[in-house]
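Here's the structure we're looking at; comments come further down.
The values are calculated or read from the model by the stated rules, or taken from the named source; none is laboratory data. Bear in mind that the values here come from a model prediction, so they are computed numbers and not experimental data. Positions of Cβ are generated from backbone atoms using ideal geometry, with glycine treated the same way; all protein chains shown enter the neighbour counts. Heavy atoms of the whole protein, side chains included, go into the accessibility calculation; ligands, DNA and RNA do not. Shrake-Rupley method; radii C 1.70, N 1.55, O 1.52, S 1.80 Å.
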Amino acid sequence: MANAVDKKNRESYLADLARMDGLNSPEWMRVLREGGAALFGETPFPHRKQEEWRFTNVSPIVQVPFRSLLDGAIAAPSKDEIAGHLYGEPEWNQLVFVDGRYSSELSSVVSGPDALQVGSLGAAIADDNEVVRKYLGQSGPQSNAFTSLNMAFLQDGAFIHVPDNLAMETPVHFLFVSTGADSLAAYPRNLFVVGPSSECTVLESYVGLTDTGPCLNNAVTEIVLEDNARMNRHKLVAEGAEGFHLATTSVLQGRDTSFNSFNITLSGKIVRNELDLTFNGEGSECDLNGLYLNDGDRLIDNALRVRHAAGKCHSRMAYKGVLSGTSKSVFAGKVAVDRGAQRTDSDQINSNLLLSDGATIDTKPQLEIFADDVKCTHGATVGAFPPELIFYFQSRGIDPTRAHGILTYGFAAEVVDAIKVGPLHDKLDAYVFDKYCPER
């Protein structure tokens, strides 16, 4: 029975895959797509009997006959409709993708050094770009049916190549807009390559313009940091009320590199953020920060894996969640230390604030260590504010509702305040404050 259901749910995807043969692409791109399609044919959709998906039920996604955009026709929103999701910084590169496809009309591209490449991955593929040909599909694991679908339907996404010895002075913002049209599935594929001794700051925003009808953002991001490179990455998920978001990010770090990440989830019916990071060179570090604000009956899942394949590296995970209503969240953080990866230093903490009796969190920090000279810690906290803390506010004339709001804002603001990109920090700070302290 399970096989019959699985086969039926694949029909809409298979029908669209059959049309992919007509796309005009370089031969190496066609080979990548065909490999993704073949793997999709052999791989079942994720299910709760699999350990890594045990707490995340994706049946509501699988059961929708999503349509894939192949002909390039999009229901383009107006500039006014997306203005609130941009940051109004004229010196920034701000590139807009609508249902997974680049929109030059809505984007603002600022000229930079000749060797710097910032733009559409689809255009880079069409130009047979050397960097894309070298790195695309090399670091992003096809770990499940959805990541295989992303490869099979790969057409467009964000692309950055920072050449050697260049420190970008301003952030790059990629805005991915879902219109919510006709059960549409988008497959953004992003490739960020930072050359030796270079540095950049990237913002990725995934937003839904409407709350009507289901839509799917099935995104894969590949990040490569060559020796002594540094990257600050900020990802914001604000899908519509019926929007599904499944994303996998793969990071490969060379020697003496630094990766600083903020993953903020504000809305979406089902959201799963996977991050798979590997240290391939000594002396590197990563700082992975997250905040998820969950309410209603939504599901937010964060799955992180850090592999210390080289010694003398430092990893840090610090994720916070605020849950209310009957919402459910999942956190799985795994740090693996290979044999020979001596002098590894790793910290991991997941803190959760429950604002209602119906909200639940399944949290599972993990360590897998095969070296003996390491310093690794992990932990998790789950609970509500203690009554005596609320009483303290009441004794100073602040009612319990207001006290809970102030304390909740303070809990979440610890993550927001660590963001160094001013316009993003200010917008998120105002959002969190208005959500939990509506009466100023």
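Observations on the structure shown:
- Some residue of the stretch 183-201 being touching a Ser or Thr at 6+ places or on another chain (Cβ under 6 Å), more than 17 Å from Gln94 (Cβ to Cβ) and touching a residue at least 24 places away in the same chain (Cβ under 8 Å): yes
- Going through (1) of a type in the set (Gly, Ala, Ser); (2) over 20 Å from Phe244 (Cβ atoms); (3) over 19 Å from the mean Cα position of the chain (by Cα) one by one, Ala152 falls short only on (2).
- Residue within the stretch 349-359 that is β-branched (Val, Ile, Thr), in contact with a Gly (Cβ under 9 Å, 6 or more places away or on another chain), at pLDDT 95 or above and open to solvent by less than 60 Å² (accessible area, probe 1.4 Å) present: no
- A residue that is closer than 30 Å to Asp426 by Cβ, out of contact with any Leu (no Cβ under 9 Å at 6 or more places or on another chain) and in a loop (DSSP other than H, G, I, E, B) occurs somewhere in the stretch 91-103.
- Residue within the stretch 150-162 that is within 30 Å of His425 (Cα to Cα), in contact with a His (Cβ under 7 Å, 6 or more places away or on another chain) and open to solvent by less than 10 Å² (accessible area, probe 1.4 Å) present: no
- Considering the stretch 87-105, and only residues there that are open to solvent by 40 Å² or more (accessible area, probe 1.4 Å) and farther than 22 Å from Val220 by Cβ, the residue that is modelled with the lowest pLDDT turns out to be Gly88.
- For the stretch 189-201, the set of residues classified as farther than 30 Å from Glu34 by Cα, outside any loop (DSSP other than H, G, I, E, B) and not charged (D, E, K, R) consists of Cys200, Thr201, listed by residue number.
- If you go through the stretch 414-431 and pick out every residue that is within 17 Å of Tyr87 (Cβ to Cβ) and either in contact (Cβ under 8 Å) with a residue 40 or more places away in the chain or under 19 Å from the mean Cα position of the chain (by Cα) (or both), you end up with 10.
- Subset tally (residues that are over 23 Å from Gly422 (Cα atoms) and either open to solvent by less than 10 Å² (accessible area, probe 1.4 Å) or not aliphatic (A, V, I, L, M) (or both)) for the stretch 217-245: 16
- On inspection, Gly208 passes the criterion of being over 30 Å from Asn280 (Cβ atoms), open to solvent by 10 Å² or more (accessible area, probe 1.4 Å) and either without any contact (Cβ under 8 Å) to a residue 60 or more places away in the chain or not acidic (Asp, Glu) (or both).
- Scanning the stretch 152-188 for residues that are in a strand (DSSP E or B) and aliphatic (A, V, I, L, M) gives Ala158, Ile160, Val162, Ala167, Val172, Leu175, Val177, Leu184, Ala185, Ala186.
- In the stretch 229-256, the residues that are basic (Lys, Arg) and not in a loop (DSSP other than H, G, I, E, B): Arg230, Arg233, Lys235
- When the stretch 382-396 is limited to residues that are open to solvent by less than 70 Å² (accessible area, probe 1.4 Å) and either under 24 Å from the mean Cα position of the chain (by Cα) or of a type outside the set (S, T, N, Q) (or both), the one that is modelled with the highest pLDDT turns out to be Gly383.
- First in the stretch 397-413 and touching a residue at least 24 places away in the same chain (Cβ under 8 Å) and open to solvent by 50 Å² or more (accessible area, probe 1.4 Å), second anywhere and β-branched (Val, Ile, Thr) and not in a helix (DSSP H, G or I), Cβ under 9 Å, 6 or more apart: Ile406/Ile398
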